[in-house]
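A.B. asks: Starting off with a structure, shown below.
Nothing in this text is a laboratory measurement; each read-out follows from the coordinates by a stated rule. Quick caveat: nothing in here was measured; it's all calculated off a predicted structure. When we count neighbours, we look across all protein chains shown, and the Cβ atoms used for this are built from the backbone with ideal geometry, even at glycine.
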């Protein structure tokens, strides 16, 4: 199937980009910070959840604004935001708990 046959020219292309972009975002979100947090939880745990909470607050502002600006998709926007928040919070909490319970050395060097 040719790419130009996926949906109509406008919405099909946007949907294609959104789907591809979300895969990249999800993989990046799962690999970078949670992994580093787990590896270095002995040093990062005290401030970790503070930054997760600040990020969740910022995300809530953006999801709320999107829901306000696009009332016809409000339910989907809020549901997607809540699901993503729950999953990301779970990732960071797991990283913290797993890292603190691990006896392996961290990867960061401190002077």
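A.B. asks: If each residue of separation counts as 0.36 nm, what is the full-extension length gain between residue 85 and residue 22 once their alpha-carbon separation is subtracted? Working shown, then result.
C.D. replies: Details: separation 63, 0.36 × 63 = 22.68 nm, distance 1.44 nm.
Stretched fully, the residue 85-residue 22 segment lengthens by 21.2 nm.
A.B. asks: Something else now. Taking the simple approach of a point 7 Å from Cα along Cα-to-Cβ for both residue 73 and residue 111, what is their distance in nm?
C.D. replies: The modelled label-to-label distance comes out at 4.8 nm.
A.B. asks: Let me ask something additional. Between the helical axis of 9-31 and the dominant principal axis of the chain, each derived from Cα atoms, what acute angle in degrees is found, rounded to the nearest 10?
C.D. replies: Helix 9-31 sits roughly 10 degrees off the main axis of the chain.
A.B. asks: Sticking with this one: Modelled label-to-label distance, residue 45 and residue 102, 7 Å Cα→beta-carbon offset: nm?
C.D. replies: Those two pseudo-labels are separated by 1.3 nm.
A.B. asks: Next question. Kindly provide the helix-only [θ] at 222 nm of the chain, computed as the sum of -39,500 (n - 2.57) over DSSP H runs of four or more divided by all residues, to the nearest 500 deg cm²/dmol?
C.D. replies: Working: 4 runs with 87 residues, N = 111.
Theoretical 222 nm ellipticity from helices: -27500 deg cm²/dmol.
A.B. asks: Can you give the relative contact order of the range 9-98 as a percent, counting alpha carbon pairs under 8 Å and 6+ residues apart? Display every interim value, and only then the final one.
C.D. replies: Numbers: 38 pairs, mean separation 34.2, N = 90.
So the answer I get is 38 percent.
A.B. asks: Highest GNM mean-square fluctuation, the chain, Cα pairs closer than 10 Å: which of 66, 45, 19?
C.D. replies: Most flexible of the set in this elastic network: 19.
A.B. asks: Run the numbers for residue 62 and residue 35: contour at 0.36 nm per residue of separation, minus the present Cα-Cα distance, in nm.
C.D. replies: Stretched out fully, the residue 62 to residue 35 stretch lengthens by 7.2 nm.
A.B. asks: Taking Cα atoms, how many degrees apart are the long axis of helix 74-101 and the longest axis of the chain, rounded to 10 and kept between 0 and 90?
C.D. replies: 20
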